[in-house]
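**Student:** Okay, handing you the structure first.
The values are calculated or read from the model by the stated rules, or taken from the named source; none is laboratory data. Everything numeric here is computed off the predicted structure, so don't read it as measured data. Ideal geometry is used to build each Cβ from the backbone, glycine not excepted, and the neighbour counts take in all protein chains shown. These area figures cover heavy atoms from the full protein model, side chains too; ligands, DNA and RNA do not enter into them. Shrake-Rupley method; radii C 1.70, N 1.55, O 1.52, S 1.80 Å.
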Amino acid sequence: MLVGPITRRLADRAFTFTPLEPIRVKGKTAPLVVFKLVGLRASPEIATVRLRSPLVGRAAELAALVEGLDAVARGEGRIALVTGDAGLGKSRLVAEAKRARSEAPVYALEGRALSIAQGISYGPFIEIAKRDASIAEDEPETASWEKFERRIGTLFGHEADGVLPFLASLVGLPLHGAPAERIRYLDAHAMGQQIFATMRRYVARLAAERPVVLIFEDWHWADESSAALLEHLLPLVETERLGICVASRPDHGEGAVARLRERARRDHAARLIEVRLTPLAGADSEQLARNLLSTSRIPSDVDAVVVEKAEGNPFFVEEVIRMLLDLGAIVFDKQRGEWRTTDALDRITIPDTVQGLLVAHIDRLEDDVKGVLKLASVIGRAFLYRLLSALAAEAEALDVALAELRHLDLIRERTRTPELEYVFKHALIHDAAYESILLQRRRELHALAGEAIERLFAARLEEFYGVLAYH
Ligand SMILES: Nc1ncnc2c1ncn2[C@@H]1O[C@H](COP(=O)(O)OP(=O)(O)OP(=O)(O)O)[C@@H](O)[C@H]1O
Ligand SMILES: [Mg+2]
(Lines give C-alpha, C1' and ligand atoms only; values in the text may rest on other atoms or scores of the structure.)
(Ligands and ions follow the chains in the order given, each with its own letter.)
Protein backbone atom coordinates (compact mmCIF):
# COMPACT_ATOMS: atom_id res chain seq x y z
CA MET A 1 0.00 0.00 0.00
CA LEU A 2 1.31 3.45 -0.96
CA VAL A 3 0.48 6.63 0.92
CA GLY A 4 1.38 10.31 0.75
CA PRO A 5 3.34 12.27 3.35
CA ILE A 6 0.30 13.47 5.27
CA THR A 7 -1.17 10.01 5.68
CA ARG A 8 2.22 8.69 6.63
CA ARG A 9 2.59 11.26 9.35
CA LEU A 10 -0.90 10.59 10.67
CA ALA A 11 -0.53 6.84 10.65
CA ASP A 12 3.00 6.94 11.94
CA ARG A 13 2.07 5.94 15.46
CA ALA A 14 0.52 2.69 14.40
CA PHE A 15 2.39 1.69 11.22
CA THR A 16 5.90 1.76 9.86
CA PHE A 17 6.70 3.04 6.35
CA THR A 18 9.64 3.31 3.97
CA PRO A 19 10.03 6.16 1.48
CA LEU A 20 9.96 5.27 -2.23
CA GLU A 21 11.07 7.15 -5.35
CA PRO A 22 8.65 10.03 -6.02
CA ILE A 23 6.07 9.15 -8.67
CA ARG A 24 4.36 11.21 -11.36
CA VAL A 25 0.58 11.31 -11.38
CA LYS A 26 -1.72 12.52 -14.14
CA GLY A 27 -3.07 15.99 -13.37
CA LYS A 28 -0.29 16.88 -10.93
CA THR A 29 2.72 18.81 -12.08
CA ALA A 30 5.05 17.96 -9.24
CA PRO A 31 6.05 14.36 -8.59
CA LEU A 32 4.39 12.88 -5.52
CA VAL A 33 6.39 11.76 -2.53
CA VAL A 34 5.12 8.34 -1.55
CA PHE A 35 5.71 5.83 1.21
CA LYS A 36 5.18 2.11 1.33
CA LEU A 37 3.49 0.59 4.33
CA VAL A 38 5.77 -2.08 5.73
CA GLY A 39 4.30 -3.09 9.01
CA LEU A 40 2.38 -2.56 12.19
CA ARG A 41 4.01 -1.03 15.23
CA ALA A 42 3.27 -3.27 18.16
CA SER A 43 3.09 -0.93 21.08
CA PRO A 44 0.18 -0.94 23.48
CA GLU A 45 0.87 2.65 24.50
CA ILE A 46 -0.70 3.72 21.22
CA ALA A 47 -4.12 2.91 22.53
CA THR A 48 -3.70 5.24 25.47
CA VAL A 49 -2.63 8.37 23.67
CA ARG A 50 -6.26 9.36 23.61
CA LEU A 51 -7.19 9.18 27.25
CA ARG A 52 -10.82 8.39 27.90
CA SER A 53 -12.77 7.00 30.77
CA PRO A 54 -16.39 6.20 31.41
CA LEU A 55 -17.93 8.47 34.01
CA VAL A 56 -16.54 7.75 37.45
CA GLY A 57 -18.55 8.53 40.58
CA ARG A 58 -21.03 11.41 40.32
CA ALA A 59 -24.03 9.07 40.58
CA ALA A 60 -26.15 11.42 42.69
CA GLU A 61 -25.26 14.46 40.59
CA LEU A 62 -26.09 12.64 37.37
CA ALA A 63 -29.37 11.39 38.78
CA ALA A 64 -30.36 14.92 39.75
CA LEU A 65 -29.81 16.21 36.23
CA VAL A 66 -31.53 13.24 34.62
CA GLU A 67 -34.54 13.76 36.87
CA GLY A 68 -34.60 17.35 35.72
CA LEU A 69 -34.63 16.23 32.10
CA ASP A 70 -37.45 13.81 32.82
CA ALA A 71 -39.42 16.60 34.42
CA VAL A 72 -39.02 18.77 31.35
CA ALA A 73 -40.05 15.86 29.14
CA ARG A 74 -43.21 15.58 31.27
CA GLY A 75 -43.87 19.24 30.67
CA GLU A 76 -42.50 20.84 33.83
CA GLY A 77 -39.98 23.65 33.88
CA ARG A 78 -36.63 23.25 35.61
CA ILE A 79 -33.50 25.26 36.25
CA ALA A 80 -30.28 23.32 36.78
CA LEU A 81 -27.18 25.09 38.07
CA VAL A 82 -24.05 23.03 37.78
CA THR A 83 -21.09 24.68 39.45
CA GLY A 84 -17.58 23.59 40.27
CA ASP A 85 -13.98 24.54 39.69
CA ALA A 86 -12.27 24.22 36.32
CA GLY A 87 -11.94 20.61 35.20
CA LEU A 88 -14.15 19.07 37.87
CA GLY A 89 -16.46 17.70 35.21
CA LYS A 90 -19.39 20.08 34.73
CA SER A 91 -19.53 19.81 30.95
CA ARG A 92 -19.01 16.07 31.14
CA LEU A 93 -21.86 15.68 33.61
CA VAL A 94 -24.26 17.65 31.42
CA ALA A 95 -23.20 15.61 28.40
CA GLU A 96 -23.74 12.37 30.34
CA ALA A 97 -27.21 13.45 31.43
CA LYS A 98 -28.10 14.25 27.84
CA ARG A 99 -26.75 10.92 26.75
CA ALA A 100 -28.65 9.05 29.43
CA ARG A 101 -31.84 10.49 27.95
CA SER A 102 -30.83 10.65 24.30
CA GLU A 103 -34.12 8.96 23.40
CA ALA A 104 -36.22 11.47 25.33
CA PRO A 105 -38.34 13.84 23.25
CA VAL A 106 -36.43 16.83 24.56
CA TYR A 107 -34.85 19.33 22.23
CA ALA A 108 -31.48 20.48 23.53
CA LEU A 109 -29.79 23.66 22.34
CA GLU A 110 -26.48 24.85 23.62
CA GLY A 111 -24.95 28.30 23.82
CA ARG A 112 -21.47 28.85 25.11
CA ALA A 113 -19.98 31.93 26.68
CA LEU A 114 -16.50 32.15 25.20
CA SER A 115 -13.83 33.90 27.15
CA ILE A 116 -12.74 35.92 24.16
CA ALA A 117 -16.28 36.74 23.19
CA GLN A 118 -16.99 38.59 26.39
CA GLY A 119 -17.38 41.69 24.29
CA ILE A 120 -19.94 40.10 21.97
CA SER A 121 -23.38 40.92 23.28
CA TYR A 122 -25.77 37.97 23.54
CA GLY A 123 -23.11 35.56 22.20
CA PRO A 124 -24.62 32.39 23.68
CA PHE A 125 -28.14 33.33 22.55
CA ILE A 126 -26.91 34.02 19.06
CA GLU A 127 -25.45 30.54 19.03
CA ILE A 128 -28.71 29.02 20.23
CA ALA A 129 -30.90 30.86 17.73
CA LYS A 130 -28.54 30.04 14.87
CA ARG A 131 -28.35 26.38 15.81
CA ASP A 132 -32.10 26.23 16.08
CA ALA A 133 -32.37 27.59 12.56
CA SER A 134 -29.58 25.23 11.38
CA ILE A 135 -27.42 28.17 10.42
CA ALA A 136 -23.77 27.24 10.50
CA GLU A 137 -21.18 29.49 12.07
CA ASP A 138 -20.08 31.19 8.91
CA GLU A 139 -22.98 30.68 6.52
CA PRO A 140 -23.33 33.31 3.79
CA GLU A 141 -25.87 36.01 4.42
CA THR A 142 -28.55 35.04 1.93
CA ALA A 143 -28.58 31.40 2.97
CA SER A 144 -28.70 32.43 6.64
CA TRP A 145 -31.60 34.75 6.01
CA GLU A 146 -33.55 32.09 4.17
CA LYS A 147 -33.10 29.58 6.97
CA PHE A 148 -33.85 32.11 9.65
CA GLU A 149 -37.02 33.37 8.00
CA ARG A 150 -38.24 29.84 7.45
CA ARG A 151 -37.60 28.86 11.06
CA ILE A 152 -39.16 31.97 12.57
CA GLY A 153 -42.07 31.54 10.17
CA THR A 154 -42.61 28.01 11.47
CA LEU A 155 -42.49 29.16 15.09
CA PHE A 156 -44.52 32.36 14.82
CA GLY A 157 -46.81 31.92 11.80
CA HIS A 158 -48.47 35.19 10.85
CA GLU A 159 -46.77 36.97 13.76
CA ALA A 160 -43.35 36.34 12.27
CA ASP A 161 -43.06 39.79 10.68
CA GLY A 162 -43.37 41.45 14.07
CA VAL A 163 -40.51 39.56 15.70
CA LEU A 164 -38.18 38.97 12.78
CA PRO A 165 -36.43 42.37 12.81
CA PHE A 166 -35.48 42.05 16.46
CA LEU A 167 -34.41 38.43 16.32
CA ALA A 168 -32.46 39.06 13.13
CA SER A 169 -30.58 41.99 14.58
CA LEU A 170 -29.88 39.95 17.70
CA VAL A 171 -28.19 37.20 15.68
CA GLY A 172 -26.41 39.76 13.53
CA LEU A 173 -28.25 39.31 10.25
CA PRO A 174 -28.22 42.67 8.47
CA LEU A 175 -31.67 44.12 7.85
CA HIS A 176 -32.91 45.61 4.60
CA GLY A 177 -36.20 47.05 3.39
CA ALA A 178 -39.34 46.95 5.52
CA PRO A 179 -37.86 45.14 8.54
CA ALA A 180 -35.05 47.69 8.64
CA GLU A 181 -37.62 50.51 8.64
CA ARG A 182 -39.34 48.99 11.62
CA ILE A 183 -36.41 49.38 13.94
CA ARG A 184 -34.81 52.40 12.41
CA TYR A 185 -35.98 54.92 14.98
CA LEU A 186 -35.41 52.83 18.08
CA ASP A 187 -32.67 53.93 20.40
CA ALA A 188 -30.38 51.42 22.09
CA HIS A 189 -32.53 51.19 25.19
CA ALA A 190 -35.77 50.60 23.30
CA MET A 191 -33.99 48.10 21.09
CA GLY A 192 -32.71 46.23 24.14
CA GLN A 193 -36.23 46.06 25.57
CA GLN A 194 -37.58 44.73 22.32
CA ILE A 195 -34.87 42.10 22.11
CA PHE A 196 -35.67 40.93 25.64
CA ALA A 197 -39.40 40.76 24.97
CA THR A 198 -38.92 39.02 21.65
CA MET A 199 -36.46 36.47 23.01
CA ARG A 200 -38.93 35.62 25.73
CA ARG A 201 -41.61 34.96 23.14
CA TYR A 202 -39.15 33.02 21.04
CA VAL A 203 -38.16 30.68 23.87
CA ALA A 204 -41.82 30.23 24.82
CA ARG A 205 -42.56 29.24 21.21
CA LEU A 206 -39.69 26.79 21.18
CA ALA A 207 -41.08 25.16 24.32
CA ALA A 208 -44.60 25.13 22.90
CA GLU A 209 -43.32 23.18 19.93
CA ARG A 210 -41.74 20.47 22.12
CA PRO A 211 -40.00 20.23 25.50
CA VAL A 212 -36.75 22.12 25.25
CA VAL A 213 -33.59 22.41 27.31
CA LEU A 214 -31.33 25.39 26.83
CA ILE A 215 -27.81 24.66 27.97
CA PHE A 216 -25.62 27.60 28.88
CA GLU A 217 -21.99 26.62 29.14
CA ASP A 218 -19.17 28.46 30.86
CA TRP A 219 -21.49 31.04 32.35
CA HIS A 220 -18.69 32.57 34.39
CA TRP A 221 -17.73 34.21 31.11
CA ALA A 222 -21.19 35.44 30.19
CA ASP A 223 -21.33 38.98 28.88
CA GLU A 224 -23.53 41.45 30.78
CA SER A 225 -26.33 41.47 28.24
CA SER A 226 -26.57 37.67 28.08
CA ALA A 227 -26.56 37.41 31.87
CA ALA A 228 -29.41 39.90 32.10
CA LEU A 229 -31.34 38.23 29.31
CA LEU A 230 -31.10 34.82 30.95
CA GLU A 231 -32.43 36.26 34.21
CA HIS A 232 -35.27 37.75 32.23
CA LEU A 233 -36.10 34.31 30.82
CA LEU A 234 -36.11 32.47 34.15
CA PRO A 235 -39.84 32.96 34.92
CA LEU A 236 -40.68 30.96 31.80
CA VAL A 237 -39.85 27.79 33.71
CA GLU A 238 -43.02 28.33 35.73
CA THR A 239 -45.28 28.05 32.73
CA GLU A 240 -43.39 26.35 29.91
CA ARG A 241 -41.89 22.93 29.37
CA LEU A 242 -38.49 24.49 29.51
CA GLY A 243 -35.24 23.44 31.11
CA ILE A 244 -32.51 25.98 31.67
CA CYS A 245 -29.21 24.33 32.46
CA VAL A 246 -26.26 26.51 33.40
CA ALA A 247 -22.72 25.22 33.84
CA SER A 248 -20.29 27.56 35.49
CA ARG A 249 -17.19 27.87 37.58
CA PRO A 250 -18.07 29.44 40.93
CA ASP A 251 -17.87 33.19 40.90
CA HIS A 252 -17.65 33.73 44.64
CA GLY A 253 -20.77 35.66 45.34
CA GLU A 254 -20.65 38.28 42.63
CA GLY A 255 -21.24 38.27 38.92
CA ALA A 256 -23.64 36.55 36.57
CA VAL A 257 -23.83 33.15 38.22
CA ALA A 258 -24.34 34.41 41.74
CA ARG A 259 -27.12 36.73 40.59
CA LEU A 260 -28.79 33.97 38.66
CA ARG A 261 -28.61 31.61 41.61
CA GLU A 262 -30.06 34.21 43.92
CA ARG A 263 -33.01 34.88 41.66
CA ALA A 264 -33.65 31.21 41.02
CA ARG A 265 -33.60 30.48 44.76
CA ARG A 266 -35.87 33.38 45.54
CA ASP A 267 -38.45 32.97 42.79
CA HIS A 268 -38.23 29.43 41.50
CA ALA A 269 -36.96 27.37 44.40
CA ALA A 270 -39.30 24.47 43.71
CA ARG A 271 -37.94 24.09 40.20
CA LEU A 272 -34.29 24.58 40.99
CA ILE A 273 -31.72 21.80 40.86
CA GLU A 274 -28.35 22.79 42.27
CA VAL A 275 -25.43 20.53 41.56
CA ARG A 276 -22.17 21.55 43.18
CA LEU A 277 -19.27 19.42 42.02
CA THR A 278 -16.60 18.71 44.58
CA PRO A 279 -13.36 16.79 44.04
CA LEU A 280 -13.61 13.07 43.39
CA ALA A 281 -12.93 10.77 46.33
CA GLY A 282 -9.46 9.18 46.35
CA ALA A 283 -10.80 5.80 45.29
CA ASP A 284 -12.62 7.39 42.36
CA SER A 285 -9.46 9.17 41.22
CA GLU A 286 -7.62 5.84 41.31
CA GLN A 287 -10.43 4.23 39.36
CA LEU A 288 -10.26 7.05 36.83
CA ALA A 289 -6.51 6.55 36.42
CA ARG A 290 -7.04 2.81 35.89
CA ASN A 291 -9.73 3.48 33.30
CA LEU A 292 -7.53 5.94 31.45
CA LEU A 293 -4.78 3.35 31.20
CA SER A 294 -7.29 0.59 30.35
CA THR A 295 -6.07 -1.60 33.12
CA SER A 296 -7.34 -3.06 36.34
CA ARG A 297 -4.00 -2.70 38.08
CA ILE A 298 -1.78 0.31 38.47
CA PRO A 299 1.61 0.55 40.24
CA SER A 300 0.98 1.85 43.73
CA ASP A 301 3.44 4.74 43.40
CA VAL A 302 1.44 6.00 40.42
CA ASP A 303 -1.75 5.80 42.44
CA ALA A 304 -0.08 7.86 45.10
CA VAL A 305 1.09 10.50 42.64
CA VAL A 306 -2.34 10.76 41.05
CA VAL A 307 -4.19 11.08 44.33
CA GLU A 308 -1.73 13.52 45.80
CA LYS A 309 -1.23 15.75 42.78
CA ALA A 310 -4.62 15.79 41.14
CA GLU A 311 -6.62 16.34 44.31
CA GLY A 312 -9.70 14.70 42.87
CA ASN A 313 -9.87 16.88 39.77
CA PRO A 314 -10.59 14.59 36.77
CA PHE A 315 -8.97 16.93 34.29
CA PHE A 316 -5.89 17.03 36.48
CA VAL A 317 -5.88 13.22 36.71
CA GLU A 318 -5.92 13.01 32.91
CA GLU A 319 -3.06 15.44 32.61
CA VAL A 320 -0.94 13.72 35.27
CA ILE A 321 -1.36 10.38 33.52
CA ARG A 322 -0.58 11.95 30.18
CA MET A 323 2.59 13.47 31.53
CA LEU A 324 3.72 10.19 33.09
CA LEU A 325 3.13 8.45 29.76
CA ASP A 326 4.75 11.12 27.62
CA LEU A 327 7.88 11.21 29.75
CA GLY A 328 8.14 7.45 30.00
CA ALA A 329 7.62 7.33 33.75
CA ILE A 330 5.15 4.53 33.22
CA VAL A 331 5.52 1.98 30.49
CA PHE A 332 3.61 -1.09 29.51
CA ASP A 333 5.52 -4.23 30.31
CA LYS A 334 4.60 -6.56 27.49
CA GLN A 335 5.94 -9.69 29.13
CA ARG A 336 4.01 -9.19 32.32
CA GLY A 337 1.05 -7.60 30.57
CA GLU A 338 0.84 -4.68 32.95
CA TRP A 339 2.06 -1.15 33.57
CA ARG A 340 5.19 -0.53 35.54
CA THR A 341 7.02 2.60 36.65
CA THR A 342 10.53 3.50 35.53
CA ASP A 343 13.33 5.52 37.11
CA ALA A 344 11.96 8.53 35.30
CA LEU A 345 9.18 8.70 37.87
CA ASP A 346 11.63 9.95 40.47
CA ARG A 347 13.30 12.37 38.13
CA ILE A 348 10.33 14.28 36.83
CA THR A 349 8.64 17.06 38.70
CA ILE A 350 4.92 17.18 38.24
CA PRO A 351 3.64 20.76 38.32
CA ASP A 352 1.30 21.61 41.15
CA THR A 353 -1.36 23.30 39.08
CA VAL A 354 -3.43 22.28 36.10
CA GLN A 355 -2.12 25.32 34.31
CA GLY A 356 1.45 24.27 34.98
CA LEU A 357 0.70 20.77 33.73
CA LEU A 358 -0.86 22.09 30.56
CA VAL A 359 2.02 24.42 29.84
CA ALA A 360 4.35 21.44 30.26
CA HIS A 361 2.08 19.40 28.00
CA ILE A 362 2.13 22.03 25.26
CA ASP A 363 5.87 22.35 25.67
CA ARG A 364 6.31 18.67 24.87
CA LEU A 365 4.61 19.00 21.48
CA GLU A 366 6.70 19.09 18.33
CA ASP A 367 7.64 22.63 17.37
CA ASP A 368 5.44 22.98 14.30
CA VAL A 369 2.44 21.47 16.06
CA LYS A 370 3.01 23.69 19.06
CA GLY A 371 3.30 26.72 16.79
CA VAL A 372 -0.08 26.02 15.21
CA LEU A 373 -1.73 25.54 18.61
CA LYS A 374 -0.41 28.87 19.83
CA LEU A 375 -1.37 30.65 16.64
CA ALA A 376 -4.89 29.25 16.89
CA SER A 377 -5.14 30.33 20.52
CA VAL A 378 -4.76 33.95 19.46
CA ILE A 379 -7.82 33.65 17.23
CA GLY A 380 -9.85 32.30 20.12
CA ARG A 381 -11.31 29.22 21.76
CA ALA A 382 -13.02 28.53 18.43
CA PHE A 383 -11.19 29.27 15.21
CA LEU A 384 -12.09 29.12 11.55
CA TYR A 385 -9.72 27.09 9.42
CA ARG A 386 -9.75 29.79 6.78
CA LEU A 387 -8.60 32.41 9.24
CA LEU A 388 -5.91 30.20 10.68
CA SER A 389 -4.55 29.32 7.26
CA ALA A 390 -4.38 33.01 6.40
CA LEU A 391 -2.05 33.40 9.37
CA ALA A 392 -0.10 30.16 9.05
CA ALA A 393 3.07 29.95 7.04
CA GLU A 394 2.57 26.72 5.16
CA ALA A 395 -0.67 25.03 4.17
CA GLU A 396 0.39 21.40 4.18
CA ALA A 397 2.24 21.70 7.46
CA LEU A 398 -0.85 23.33 8.90
CA ASP A 399 -3.06 20.41 7.93
CA VAL A 400 -0.64 17.92 9.40
CA ALA A 401 -0.40 19.89 12.61
CA LEU A 402 -4.17 20.21 12.90
CA ALA A 403 -4.62 16.51 12.34
CA GLU A 404 -2.05 15.83 15.02
CA LEU A 405 -3.74 18.21 17.46
CA ARG A 406 -7.04 16.46 16.84
CA HIS A 407 -5.41 13.12 17.30
CA LEU A 408 -4.01 14.29 20.61
CA ASP A 409 -7.50 15.45 21.53
CA LEU A 410 -6.41 19.02 22.13
CA ILE A 411 -8.77 20.42 19.53
CA ARG A 412 -11.96 19.22 17.91
CA GLU A 413 -13.90 19.98 14.78
CA ARG A 414 -16.79 22.24 15.63
CA THR A 415 -18.47 22.57 12.27
CA ARG A 416 -17.55 21.42 8.82
CA THR A 417 -20.17 23.05 6.64
CA PRO A 418 -20.18 25.45 5.06
CA GLU A 419 -16.82 26.17 6.53
CA LEU A 420 -14.41 24.22 8.66
CA GLU A 421 -14.08 25.43 12.22
CA TYR A 422 -12.20 23.97 15.15
CA VAL A 423 -12.50 24.51 18.85
CA PHE A 424 -10.03 23.92 21.66
CA LYS A 425 -11.32 20.87 23.44
CA HIS A 426 -10.94 22.55 26.76
CA ALA A 427 -10.89 26.19 27.79
CA LEU A 428 -7.91 25.41 30.01
CA ILE A 429 -5.90 24.23 27.00
CA HIS A 430 -6.80 27.39 25.15
CA ASP A 431 -5.75 29.52 28.11
CA ALA A 432 -2.46 27.68 28.54
CA ALA A 433 -1.56 27.94 24.85
CA TYR A 434 -2.42 31.61 24.82
CA GLU A 435 -0.54 32.35 28.02
CA SER A 436 2.54 30.61 26.69
CA ILE A 437 2.97 33.22 23.95
CA LEU A 438 5.20 36.11 24.83
CA LEU A 439 3.32 39.35 25.31
CA GLN A 440 5.02 41.15 22.45
CA ARG A 441 4.40 38.26 20.05
CA ARG A 442 0.79 38.08 21.17
CA ARG A 443 0.25 41.71 20.23
CA GLU A 444 1.74 41.14 16.79
CA LEU A 445 -0.42 38.08 16.23
CA HIS A 446 -3.56 39.91 17.31
CA ALA A 447 -2.80 42.64 14.81
CA LEU A 448 -2.30 40.04 12.08
CA ALA A 449 -5.54 38.26 13.01
CA GLY A 450 -7.43 41.55 12.90
CA GLU A 451 -6.04 42.34 9.46
CA ALA A 452 -6.85 38.88 8.19
CA ILE A 453 -10.46 39.18 9.39
CA GLU A 454 -10.81 42.52 7.67
CA ARG A 455 -9.44 41.06 4.48
CA LEU A 456 -11.34 37.77 4.46
CA PHE A 457 -14.68 38.99 5.69
CA ALA A 458 -14.67 42.49 4.20
CA ALA A 459 -18.26 42.13 3.02
CA ARG A 460 -19.70 41.33 6.43
CA LEU A 461 -17.45 43.18 8.80
CA GLU A 462 -20.26 44.30 11.11
CA GLU A 463 -20.65 40.69 12.27
CA PHE A 464 -17.05 40.74 13.39
CA TYR A 465 -16.93 44.05 15.24
CA GLY A 466 -16.87 42.34 18.62
CA VAL A 467 -14.12 40.00 17.53
CA LEU A 468 -12.18 42.79 15.86
CA ALA A 469 -12.33 44.87 19.00
CA TYR A 470 -10.79 41.91 20.79
CA HIS A 471 -7.89 41.81 18.36
N1 LIG B 1 -16.60 11.83 36.69
C2 LIG B 1 -15.75 11.74 35.68
N3 LIG B 1 -15.31 10.54 35.25
C4 LIG B 1 -14.45 10.45 34.22
N5 LIG B 1 -13.96 11.50 33.55
C6 LIG B 1 -14.35 12.72 33.92
C7 LIG B 1 -15.27 12.91 35.00
N8 LIG B 1 -15.48 14.22 35.15
C9 LIG B 1 -14.76 14.83 34.20
N10 LIG B 1 -14.08 13.95 33.46
C11 LIG B 1 -13.16 14.29 32.37
O12 LIG B 1 -12.32 15.33 32.85
C13 LIG B 1 -12.12 16.34 31.86
C14 LIG B 1 -12.61 17.69 32.37
O15 LIG B 1 -14.02 17.67 32.52
P16 LIG B 1 -14.95 18.87 32.01
O17 LIG B 1 -14.47 19.40 30.73
O18 LIG B 1 -16.35 18.39 32.07
O19 LIG B 1 -14.67 19.95 33.16
P20 LIG B 1 -15.44 21.31 33.43
O21 LIG B 1 -15.86 21.28 34.85
O22 LIG B 1 -16.51 21.52 32.43
O23 LIG B 1 -14.27 22.37 33.28
P24 LIG B 1 -14.36 23.93 32.81
O25 LIG B 1 -14.75 24.74 34.01
O26 LIG B 1 -12.96 24.26 32.43
O27 LIG B 1 -15.33 24.02 31.69
C28 LIG B 1 -12.85 15.86 30.64
O29 LIG B 1 -11.95 15.19 29.79
C30 LIG B 1 -13.88 14.89 31.19
O31 LIG B 1 -14.26 13.93 30.25
MG1 LIG C 1 -16.77 22.88 30.89
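**Student:** If R0 is 41 Å, what FRET efficiency do you get for Arg386 and Val3 from their C-beta distance, rounded to 0.05? Don't skip to the answer; put the middle values down first.
**Tutor:** Numbers: r = 27 Å, r/R0 = 0.65.
Efficiency at R0 = 41 Å is approximately 0.95.
**Student:** Still on this model: Within the range 219-245, whose backbone N sits under 18 Å from a point 7 Å along Cα→Cβ of Arg74?
**Tutor:** 237-244
**Student:** Quick one: helix 314-326 against the long Cα principal axis of the chain, what's the angle to the nearest 10°, folded into 0 to 90?
**Tutor:** Orientation of helix 314-326: about 30 degrees from the principal axis.
**Student:** Using the Cα atoms as the points, what is the convex hull volume per residue of the range 59-276 in Å³?
**Tutor:** Details: hull volume 27.0 nm³, N = 218.
Taking only Cα atoms, the range 59-276 has a hull volume of 124 Å³ per residue.
**Student:** First compute the accessible area of the chain with a 1.4 Å probe, then give the percent of it belonging to carbon and sulfur atoms.
**Tutor:** On the way: 11570 of 22330 Å².
On the chain, the fraction of accessible area on carbon and sulfur atoms equals 52 percent.
**Student:** Starting from 0.36 nm per residue, how many nanometres of slack lie between Ser102 and Glu419 once their C-alpha separation is accounted for? Kindly include the intermediate steps, with their values, before the conclusion.
**Tutor:** Values: separation 317, 0.36 × 317 = 114.12 nm, distance 2.74 nm.
In short, 111.4 nm is gained.
**Student:** Given R₀ = 30 Å, what would the calculated FRET efficiency be for Thr342 paired with Glu137, taking r from the Cβ atoms and rounding to 0.05? List each step's numbers first, then the result.
**Tutor:** Values: r = 45 Å, r/R0 = 1.50.
Efficiency computed from Cβ-Cβ geometry: 0.10.
**Student:** Follow-up question, since we're still on this one. Can you give the percent of C-alpha pairs in the range 148-247 whose distance is more than 21 Å?
**Tutor:** Pairs farther apart than 21 Å: 38 percent.
**Student:** Ok, one more. Taking 7 Å along the Cα-to-C-beta vector as the label spot, tell me the Thr18-Arg442 distance in nanometres, rounded to one decimal.
**Tutor:** Between Thr18 and Arg442, the label points sit 5.0 nm apart.
**Student:** For Ala180 paired with Gln355, estimate the spin-label separation in nm (one decimal), with each label point 7 Å from Cα along the Cα-to-Cβ line.
**Tutor:** 4.7
**Student:** Over the heavy atoms of Phe196, what accessible area does a 1.4 Å probe trace out, to the nearest 10 Å²?
**Tutor:** 40
**Student:** Run the numbers for Asp368 and Ser296: contour at 0.36 nm per residue of separation, minus the present Cα-Cα distance, in nm. Intermediate values should be presented prior to the final figure.
**Tutor:** On the way: separation 72, 0.36 × 72 = 25.92 nm, distance 3.64 nm.
Additional length available on full extension: 22.3 nm.
**Student:** Bin by bin, in steps of 10 Å, what percent of the Cα pairs in the chain do you find, going until the bin that has the longest distance?
**Tutor:** So the P(r) values, bin by bin, are 4, 17, 25, 25, 18, 8, 2, 0.
**Student:** Further, regarding this structure: Looking at the chain, how many pairs of lysines come closer than 25 Å at the Cα, when each pair is eight or more places apart or spans two chains?
**Tutor:** 13
**Student:** Got the relative contact order for the range 363-470 handy, in percent, Cα pairs under 8 Å and 6 or more residues apart? Write down the numbers at each step before the final one.
**Tutor:** Values: 101 pairs, mean separation 32.0, N = 108.
Reported relative contact order: 30 percent.
**Student:** Accessible area per residue, 1.4 Å probe, Å², for the range 282-350: what's the number?
**Tutor:** Details: 3260 Å² over 69 residues.
Each residue of the range 282-350 exposes 47 Å² on average to a 1.4 Å probe.
**Student:** Still on this structure, I have one more. Could you please state, rounded to a whole Å, how far the C-alpha centre of the range 111-181 is from the C-alpha centre of the range 325-377?
**Tutor:** Cα centroid of the range 111-181 versus Cα centroid of the range 325-377: 44 Å apart.
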